[in-house]
Amino acid sequence: MKLVSYNIQYGFGGDGRYDLSRAARVVEGADIIALQEVERHWQRSNFDDQPELLSRLLPDYHWVYGPAFDMDASERRDGRLINRRRQFGTMVLSRLPIVWSRLHALPMRRTLRPLNTRNAALECMIRTPAGPVRVFSLHLAHIAAEERLEQIDYLLAEHRRAPSDGGPWSGTDDEPSRNWTSGEAEPENPLAAIWMGDFNMEPGSDEYRRIVGSTPYHRGAAYLNGFVDAASVAGEPAADFHTHEKIIDGRLAKRRLDHCFVGGVFAGRVRSVGSDIGEVASDHFPVWIDVDLETPFGLGGR
């Protein structure tokens, strides 16, 4: 299956032009799409409801939106209150149904300067042919490694608790007349997970090592309840593999800030990873991942 992660910078391209349809065209065709920096009702983006617009531009996908930043943007029009929220967050779109989702508000450090905003991770459980998988679209803090490390520690703790915590509900419904379960079996909350997003960190950083571990005792080591960098197990990426370009101190910096980390069970299933370098629909480049989510677990997949 093809996965893609893309920080769309709320529809503003590297050329400074606002055009949400460009971002939709870039990711169209993937089986699972993880988007970051998707917003609702901001002046800079014509007060557009971007999740709704993206759902129209990509009509064959199930979708969930998770706002990390949520502020009142209501107004009175013709004497009537129009309730509206100004939001900024992440989104997951999937050709397969999204069985359940939840939003994780990540730890945040209050700053005096510069501006810091809340970050979040949107978790979506999808039943793939391989089995149930928890797919994340996330955006980590941009200011300091210390804040990102706190956010990663939170996510790792949540990840390791997943099977014992269960999903949105568990147990036998003792009030069937209220139809809490809608006649469905208890939903899975599997250990199998894939993290995609803008991590604001580069390979080899402290934050990166917190996710994949320090120098493993064996090249390609993968722990059952841990993660590996999809790019590192897919073979050698292109020499110029990066996902973001920015002028820093007068020089063009080419950095890999956007990543896909797959649970240990997927370490041998990643076929390829690459980025559309030069794509101008955002200030980031999309990251494409081809991973075997077709072979059922237990049939050579573990």
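The values are calculated or read from the model by the stated rules, or taken from the named source; none is laboratory data. Keep in mind the model is a prediction, meaning the values are calculated, not measured. Ideal geometry is used to build each Cβ from the backbone, glycine not excepted, and the neighbour counts take in all protein chains shown. Surface areas here come from the heavy atoms of the whole protein model, side chains and all, with no ligands, DNA or RNA. Shrake-Rupley method; radii C 1.70, N 1.55, O 1.52, S 1.80 Å.
Before moving on, here are some points about what is shown:
- Val265 contributes about 20 Å² of solvent-accessible surface, heavy atoms of the protein only, 1.4 Å probe.
- Heavy-atom accessible surface of the chain: percent carbon and sulfur, 1.4 Å: 48
- Within the listed set Glu150, Glu123, Glu37, the residue fluctuating most in the Gaussian network model of the chain (springs between alpha-carbon atoms under 10 angstrom) is Glu150.
- For region 1-55, the calculated P(r), taken from all Cα-Cα distances in 5 Å bins from zero up to the bin holding the longest distance, is 4, 19, 33, 25, 12, 5, 1, 0 percent.
- Of Ser272, Ser214, Ser232, the residue with the greatest mean-square motion in the GNM of the chain, using alpha carbon springs below 10 Å, is Ser214.
- Surface per residue (accessible, 1.4 Å probe) for region 1-148, Å²: 46
- Across Leu35, Leu58, Leu115, mean-square fluctuation computed from a Gaussian network of the chain (C-alpha pairs under 10 Å connected) peaks at Leu115.
- Rounded D (µm²/s) - region 30-74, Kirkwood Rh over Cα pairs, Stokes-Einstein at 20 °C, 1.002 mPa s: 183
- Between Leu96 and Glu75, the distance separating the two model label sites (each 7 Å from Cα on the Cα→Cβ line) works out to 4.2 nm.
- Full extension of the segment from Tyr223 to Ala157, taken as 0.36 nm per residue of separation minus the current Cα-Cα distance, would add 22.3 nm.
- The modelled label-to-label distance for the pair Arg17/Lys254, using points 7 Å beyond Cα in the direction of Cβ, is 2.5 nm.
- Cα pair distances in region 148-302, grouped into 10 Å bins until the bin that holds the longest one, percent each: 10, 31, 31, 18, 8, 2, 0
- P(r) weight above 26 Å for the chain, C-alpha pairs, percent: 46
- By the Cα gyration tensor, region 228-302 has an equivalent ellipsoid whose semi-axes, rounded to whole angstrom, run 30, 11, 9 from largest to smallest.
- Here the 3J(HN,Hα) profile of region 75-92, calculated from phi with Karplus coefficients 6.51, -1.76 and 1.60 at θ = phi - 60°, is 8, 9, 10, 6, x, 10, 6, 9, 6, 8, 10, 8, 10, 8, x, 10, 8, 10 Hz, Gly and Pro shown as x.
- Cleavage-rule hits, GluC sites (Glu not before Pro), region 179-269, DSSP coil, Cβ neighbours within 10 Å at most 11: Glu184
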